[in-house]
Every structure is written in C-alpha cells, then in structure tokens.
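In what follows, a structure is listed as structure tokens, so that the remarks can point back to it.
The values are calculated or read from the model by the stated rules, or taken from the named source; none is laboratory data. All values reported here derive from a predicted model rather than from experimental measurement. In this analysis, Cβ positions are derived from the backbone assuming ideal geometry, glycine residues included, and neighbour counts consider all displayed protein chains. These accessible areas exclude ligands, DNA and RNA; they are computed on the full protein's heavy atoms, side chains included. Shrake-Rupley method; radii C 1.70, N 1.55, O 1.52, S 1.80 Å.
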Amino acid sequence: MVDVGDDAPTFSAPMTTPSGDIEEFSLADATEDGPVVLAFFPGAFTSVCASEMATFRDRFDGLTDADAALYGVSVDSPFALEEFGTQNNLNFPLVSDIAKEVIDAYDVSMDFDALGVEGVAKRAVFVVDEDGTVTYAWVSDDPGVEPDYDAVESAAADA
C-alpha cells in the first residue's frame with residue numbers, strides 16, 4: 001500500500017468537473033498548483049459515499065484555505081460521476097478510474113464478495129504535496145467508515 005513518505009503513483013484519467021465537463025486529469029499537473037487530496041470512494045449513488053462526498057463539499061473551504069485541491073476518485077464511469085456530482089451539488093471534480101489502474105497503483109482495491117462486486121475502491125484518502133510525495137494516508141477496510149475530516153484538513157494545510 002502507498003504510505004506516508006512514498007512517491008505518489010502518478011496517473012491520468014477522465015475527470016468530470018463541477019460544471020459537467022469531462023476532461024483529462026493528471027496528478028503530475030495537479031500537484032504543480034499545490035497539494036492534492038485524493039478521496040477514493042467505493043461507488044457513486046451509495047449512501048455512505050454520498051455522505052462522504054457531501055461532507056467534503058461542505059468542508060471544501062477548509063481545503064481551499066490550505067491551498068489544496070480536492071478530487072474524488074472511484075471506478076464509476078465519468079458519465080455516472082457527472083450525474084452523481086450534479087445530484088449531490090459537488091463543488092470539486094470527480095476522477096473516473098474506470099480502468100481500475102489507479103486503485104491498483106494505490107493498492108486500495110476491494111471486492112464485495114457477498115454482492116458479487118469486484119474491484120471497487122476502498123474508502124481512502126491520500127494527500128500529495130507539490131513534490132509528489134504522500135504526506136497523509138488513510139485507508140479503511142470497512143466501507144462504512146468515513147475519514148477523519150479534521151485530520152484531512154490538517155494534513156492538507158501541512159502539505
């Protein structure tokens with residue numbers, strides 16, 4: 001698993017913006033502007049994921065005050081993520097890891113065996129500084145557990 005002090009695996013993937021545009025996201029490009037918070041979530045349109053993304057939405061100012069950029073990341077298609085963002089009034093971009101390469105690179109892939117669902121993201125948060133170094137890592141094996149939002153904001157400010 002990617003941990004604090006590691007070089008963050010770089011990647012490019014489709015991203016939907018709050019305005020509904022679909023663009024290419026590049027972690028290397030994003031970190032040029034300051035720290036990046038990657039908030040991995042198992043799936044759009046699920047109750048805990050909607051709650052987590054809404055909490056990040058409501059606390060967005062705390063991250064932008066730290067000059068950090070926030071990106072939600074899931075294996076959902078960019079089209080599903082665009083609708084998920086619209087329905088939840090999200091004010092930050094959502095990155096589509098539909099190829100499941102990012103969850104593999106960050107070692108945050110999980111299966112819901114009882115449901116027959118394979119290869120979704122664990123709920124996880126990574127803060128990556130301008131040098132591409134992971135300065136904060138939190139990963140939950142329980143998809144019902146949300147991150148410590150205060151800790152994420154502090155980590156973003158420290159990065």
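Could you list, in sequence order, all residues of the range 63-78 that are surrounded by fewer than 18 Cβ atoms within 10 Å (Cβ to Cβ) and farther than 23 Å from Ala105 by Cβ?
Thr64, Asp65, Asp67
Would you mind stating whether Phe60 is in contact with a strand residue (DSSP E or B) (Cβ under 9 Å, 6 or more places away or on another chain), aromatic (Phe, Trp, Tyr) and modelled with pLDDT under 90? Lay out the reasoning, then the answer.
On the way: in contact with a strand residue (DSSP E or B) (Cβ under 9 Å, 6 or more places away or on another chain): yes; aromatic (Phe, Trp, Tyr): yes; modelled with pLDDT under 90: yes.
Taking the combined requirement at face value, the residue satisfies it.
So Lys100 passes all but one of these: (1) of a type in the set (Lys, Arg); (2) over 20 Å from Pro35 (Cα atoms); (3) at pLDDT below 95. Which condition number does it fail?
Failed condition: (3).
Which of the numbered conditions does Asp111 fail, given that it passes all the others? Conditions: (1) open to solvent by less than 30 Å² (accessible area, probe 1.4 Å); (2) in contact with a strand residue (DSSP E or B) (Cβ under 9 Å, 6 or more places away or on another chain).
(1)
If I filter the range 1-57 down to residues being assigned to a loop (DSSP other than H, G, I, E, B) and of a type in the set (Val, Ile, Thr), which single residue comes out as surrounded by the most Cβ atoms within 10 Å (Cβ to Cβ)?
Step one: filter the range 1-57 for residues assigned to a loop (DSSP other than H, G, I, E, B), giving 1-6, 8-11, 17-21, 32-35, 41-46.
After this cut, where a residue has to be of a type in the set (Val, Ile, Thr) as well, the list is 2, 4, 10, 17, 46.
Working: Val2: 19, Val4: 13, Thr10: 15, Thr17: 15, Thr46: 15.
Ranking the candidates gives Val2 first.
Yes/no per residue for (1) over 12 Å from Thr16 (Cα atoms); (2) of a type in the set (Asp, Glu):
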| site | (1), (2) |
| --- | --- |
| Ala80 | no, no |
| Thr86 | no, no |
| Val95 | no, no |
| Asp113 | yes, yes |
| Val125 | yes, no |
| Asp129 | yes, yes |
| Gly132 | yes, no |
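For Glu146, indicate whether it is touching a Ser or Thr at 6+ places or on another chain (Cβ under 8 Å), touching a residue at least 12 places away in the same chain (Cβ under 8 Å) and open to solvent by 40 Å² or more (accessible area, probe 1.4 Å).
Details: touching a Ser or Thr at 6+ places or on another chain (Cβ under 8 Å): yes; touching a residue at least 12 places away in the same chain (Cβ under 8 Å): yes; open to solvent by 40 Å² or more (accessible area, probe 1.4 Å): yes.
Yes.
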